[in-house]
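To start, the structure itself, in structure tokens.
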Amino acid sequence: MSINKAILVGNVGKEPEVRYLEKNVAVANFTLATTERGYTMQNGTQVPDRTEWHNVVAWRNLAEIVEKYVHKGTQVYVEGKIQTRSWEKDGVKRYTTEIYAETIQLLGKRPEQTEVNGGAAPAAAVQTSAEPPVMGAGEDDLPF
């Protein structure tokens, strides 16, 4: 058995690039920054924040949602698979690792929202999957 699953929560680094391929199939590419907060060690040494940049690829209906709702700075939850691809340029083989999104959920508040009752109202989440949900076994069929 093997599992290939990535779960990320971070902020979009730049405006997503959305293209339409043959048969009007949409594909969106964007970068996502995840940051581990810095800390101070017991001996007083400061460890700074560490930001990782991830390349995210979304297809079909997810790409269309990205095109409409995801912008630079948007906080998102992304769930998907890690894939590495390679190509050759000027005789040099190059590689890139990408997250192929299966689920994207918008986090934070909507830009047009205002404070409600002294606090920020949460945004309604836009969530979808690249594939239809898998129908699981009924409760009576659970193995435990």
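Every number here is computed from the coordinates shown, using simple stated rules; none is lab data. The model shown is predicted, which means the values in this text are computed figures rather than measured ones. Here the Cβ is made from the backbone with ideal geometry for all residues, glycine too, and neighbour counts use every protein chain on show.
Observations
- Going from the residue with the fewest nearby Cβ atoms within 10 Å to the one with the most, Leu21, Leu8, Leu107 rank Leu21, Leu107, Leu8.
- Applying Stokes-Einstein at 37 °C and 0.692 mPa s to the Kirkwood radius of the stretch 1-100, computed over alpha-carbon pairs, gives a translational diffusion coefficient of 212 µm² s⁻¹.
- Distance between the pseudo-spin-label points of Lys5 and Thr35 (7 Å out from Cα toward the beta carbon): 2.8 nm.
- Residue exposure sequence - Thr34, Thr45 - by fewest surrounding Cβ within 10 Å: Thr45, Thr34
- Simple spin-label estimate for Lys93 and Arg60 in nanometres, 7 Å along Cα-Cβ: 3.2 nm
- Residues listed by number, the stretch 9-23, amide nitrogen under 20 Å from Gln75 label point at 7 Å toward C-beta: 9-16
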